[in-house]
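For reference, the structure discussed in these notes is given below.
The values are calculated or read from the model by the stated rules, or taken from the named source; none is laboratory data. All values derive from a computational prediction rather than experimental measurement. Note: accessible area is taken over every heavy atom of the protein model, side chains too, but ligands, DNA and RNA are not part of it. Shrake-Rupley method; radii C 1.70, N 1.55, O 1.52, S 1.80 Å.
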Amino acid sequence: MIALWLTLAQAADVEGFAEVRATTYAGVEGEPVFLVERFRPTFDADLGDRFAISATVEASFNQGRRTQTELQRTLEDSDLGPLLDQAECSWPTEDNTFLGISETDDYLWVDRLYIDAYLPGADLRLGRQALNWGSAFMVNPTDPFPQVLLLEPWKPRAGVNALRASIPVGDAHRVQLVAGTDDDFKQPRLAGRGTLNVLETDWSVVGAWRPEADDGLVGLDIKGTLGVGFWAEAAWHVRDEPYGEGAVGLDYSFPVLDSLIVTAQYYRNGREQDTDTTSSLAGAVQMPDCAGGDASALFGESTADPDPFAPFFTGTDYAMASVGLGVSPLLSVSGLYVQNIGDGTGLVFPSVSTAPTGWLEISAAAQVPVQAWGDGGELSPSADDLVLQQEPIPGADPLTVDFSGLVPSATFIVWTRASF
């Protein structure tokens, strides 16, 4: 590690950004504002003619609204409050409650760290790196390490510990092989992708095995241009309860102002999941330790570990569309809409961004849940979806917890990023 940092200290290239982000939640109880400050430099250095090293360090602090704190307040003020007191429940707390940190890893970490080797027959990358396979918009069924950043568009993809080999085949084809592991270096992950370019279209076949979820994946990814850009991506998950995922879409660029890009996509998720909003809220935080037992049982939660590769969406059929307009080199506006076709709920994401200088960007965005039809659901829960009723003793009057104060009616984000 000493040798690594001495090398990076003399790196030929250092770039990154510093960012401040403010989020305001409408229609919530408790603290409505959340602030984040981030500093994310990347160091790149050549190690001879065929080797290079890269490291990305992130320091991040945040203040304001915390789901953990708000859930604790909600439960203690509800009918369950006296039961939590009787069970002598103690909630987890951070050493620094203002910043929400207890140790260095809470605010400082190495998010990328890898070595590249450029060999005659292949390019290798070893270490913590970003991996993203697939051509679809926003969700990629054939990605063996999926991550959807729908609610956090400013966030870089999480790194994956892996050895990746990229092998060119002729001038237009290639094979990619990945052997990786989870963050605890306990569970192996294997994936491969072969791509042929025929008729100006990329045809890719993907296979993966993730033992930690007992999940195998085989998929097909097609992307090309026929007057308009198009893609079709589908995967089959081989497991105890197999299911399929797929996405098809189009995009087109119009010569309007600086640019106008329109995108439309249909996505199908063959694995329906639990849409219980109250369980999702409880699962997003640490539950208290209670002398009388596990408090998570109040929400009917499973003690099994969550599937790290479960689909982001919990419904079956979705329509997605976006419009991006470059008004000028300094100003752009965009809009994204996601519709759950099954329950009628949706999300609208308008945004505007300006770059007054070559190094400074200022953006504002909103996330607004909508109900096109139906009585609430995944993307816009109804009032009834946010109320939990639990019988402490069979036959007794149910106890009620209202979680509506935790779910915003709209979210507004403003951030500024200075790049270097």
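Things to note:
- A 1.4 Å probe over all protein chains sorts L113, L131 by accessible area into L113, L131, starting with the largest.
- By a 1.4 Å probe calculation restricted to protein chains, Y118 has an accessible surface near 100 Å², given to the nearest 10.
- Over region 159-279: Rg over Rh, Cα atoms, Kirkwood Rh: 1.05
- As a fraction of the 1.4 Å probe accessible area of region 233-275, surface on carbon and sulfur atoms comes out at 57 percent.
- Region 9-124, accessible surface, carbon-and-sulfur percent (1.4 angstrom probe): 52 percent
- Surface composition of region 302-417: carbon plus sulfur atoms contribute 63% of the solvent-accessible area (1.4 Å probe, protein chains only, all chains present).
- Taking every protein chain into account, the accessible area of the chain amounts to 52 square angstrom per residue (probe 1.4 Å).
- Gaussian network model of the chain, springs between alpha carbon atoms under 10 Å - residue of S90, S409, S380 with greatest fluctuation: S90
- Extension gain, Y337 to F420: 0.36 nm times the residue separation minus the Cα-Cα distance gives 26.6 nm.
- Accessible area (Å², 1.4 Å probe, nearest 10) - V110: 60 Å²
- Over the residues of the chain, the helix contribution to mean residue ellipticity at 222 nm works out to -2000 deg cm²/dmol, using -39500 (n - 2.57) for each DSSP H run of at least 4.
- Here the convex hull built on the C-alpha positions of the chain has a volume of 177 cubic angstrom per residue.
- Between helix 67-76 and the chain: long-axis angle, C-alpha atoms, 0 to 90°, nearest 10: 10 degrees
- Shape category assigned to region 1-146 from the gyration tensor of Cα positions, a/c cut at 1.5: prolate
- Euclidean distance of C-alpha centroids, region 79-125 and region 329-390, integer Å: 26 Å
- Within the full protein context, the accessible area of D289 is estimated at about 110 Å² for a probe radius of 1.4 Å.
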